[in-house]
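Accompanying notes for the structure given below.
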Amino acid sequence: MMTNSAGGPRYSIVVPVFNEQAVLPVLLHRLDLMMQDVDGVIETIFVDDGSSDCSAIVLRAKAKEDPRYRFIGLSRNFGHQAAITAGMEAASGDAVIVMDADLQDPPEVVGQMIEKWKEGYEVVYGRRLSREGDSTFKKWTASLFYKFLGRLSSVDIPRDAGDFRLIDRKVLDAFLAMPEQDRFVRGMFAWLGFRQTEVAFHRLPRLAGETKYPLLKMLRLAANGVIGFSDAPLRLAIWCGFAVSAFAALYALYVVGHWLAGDTSLVAGWASTIIIVSFLSGMNMIMTGIMGLYVGRIYAEVKRRPLYVVSEKAGFDRAVQSPAQSSRTIDAA
Ligand code: UDP
Ligand code: MG
């Protein structure tokens, strides 16, 4: 069996689990089959995200009996994004694969991801060709959300891709150096860059049990995506403010025009009140927007993301020599 240079496993699978007892027997069986086919030492890390059913008991027992499995139990439900981060932090493989427990991300696709990794790609994400298990409402809202986020965000977040992906050790280390609290993991990988590619697969309905992403959790994830990867909402107030003030100014011109033309139908005092009130509210909104820009700067600072991420370096390990010097050494030789 092949191990990595440090003697640890070559691949790590990270599976977040929240009340999934109904799927565990089949999941463990399919993982066993997949792990037999992989060309290297492989570990599977289950992260129990505060389940209240028997999931933790089953997975803890599995980790004790089979050395290829590991178990992390979180103290309560911290959410999917925190759970996968915990698993990635504990993973020691050269390539780490994150996968849902409900078999909507088929373990059989992992082999194709590994092929791409060997070709030199550093992030391989699974793109959903179809989403058979999801309701029309979920498909529709998801597609709307990704369109919206794509417009707003400065990085390209792949559409139709969830958190099912293979990550090279180098990218993982950069990811773990991003300490932000509200994590939108798929956005963070898009932000990191590196050589990325996709593997397409058909997403089946979840094998058993029900979704652990009710509407409210989904909305929270979507809000994290928009707020963490775009400052457009902060700039919204400025544009609204300009629009309202401009409207007030135009209306003032209109009223003055009518007054000069000798229009007697104008109600005294009404126009001036409306103009002053809307102009000042517009000013207020502009000021709020300017505050928003500063808040945005503060937000960017406290996220403590690195300024840039280096993918590779060359030539730094040699002493500096001028070309003239090196040719002289060759002449002397
Ligand atoms: N999950 C988790 N913590 C949560 C919610 C979900 O660890 O608070 C896990 C869940 O067990 C599953 C994965 O995240 O392995 C994806 O959840 P789910 O399949 O319910 O989401 P959906 O596929 O419906 O979007
Ligand atoms: Mg699912």
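Any read-out appearing in this document is the output of simple, stated calculations on the displayed coordinates, not a laboratory observation. Keep in mind the model is a prediction, meaning the values are calculated, not measured. Please note: Cβ atoms are built from the backbone with ideal geometry, for glycine as well, and neighbour counts cover all protein chains shown.
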Farthest positive-ward along the stretch 53-197 dipole, Cα basis, beta-carbon charges - from Phe175, Ser135, Leu74: Ser135
Residue (of Gly40, His258, Ile238) at the positive-pole extreme of the chain, dipole from beta-carbon charges: His258
Helix axis angle, 80-90 relative to the chain longest principal axis, alpha carbon, degrees: 40 degrees
Proximal lysines relative to Lys313, as straight alpha-carbon distance under 19 Å, when same-chain residues fewer than 8 apart are discounted: Lys170
Order of Thr136, Thr197 - criterion: other Cβ atoms within 10 Å of each residue's Cβ, fewest first: Thr136, Thr197
Aspartates and glutamates whose Cα lies under 18 Å from that of Lys118, excluding same-chain neighbours fewer than 8 positions away: Asp37, Asp39, Asp94, Glu108, Asp168, Glu198, Glu312
Exposed GluC sites (Glu not before Pro) absent: longest stretch of the chain, with sites in DSSP loops and at most 15 other Cβ within 10 Å deemed exposed: 1-107
Size of electric dipole in the stretch 1-134: Cβ of Lys, Arg +1 and of Asp, Glu -1, about Cα centre, debye, nearest 20: 220 debye
Net charge dipole size for the chain [Lys, Arg +1 and Asp, Glu -1 on Cβ; Debye, nearest 20]: 540 debye
Label-point separation, Ser265 to Asp53 (7 Å along Cα→Cβ), nm: 7.0 nm
Net dipole in debye of the stretch 169-216 [+1 Lys, Arg Cβ; -1 Asp, Glu Cβ; about Cα centre; nearest 20]: 180 debye
Among beta bridges that DSSP assigns inside the chain, antiparallel share in %, nearest 5: 25 percent
Set Lys116/Lys217; Lys116/Lys303; Lys138/Lys217; Lys116/Lys139; Lys212/Lys303; Lys62/Lys212 screened for pairs whose C-alpha atoms are more than 21 Å apart: Lys116/Lys217; Lys116/Lys303; Lys116/Lys139; Lys212/Lys303; Lys62/Lys212
Residue with peak Gaussian network fluctuation, the chain [Cα springs, cutoff 10 Å], from Arg159, Arg297, Arg68: Arg297
Extreme residue, positive dipole direction of the stretch 180-291, given options Leu207, Trp191, Asn224 (C-beta unit charges): Leu207
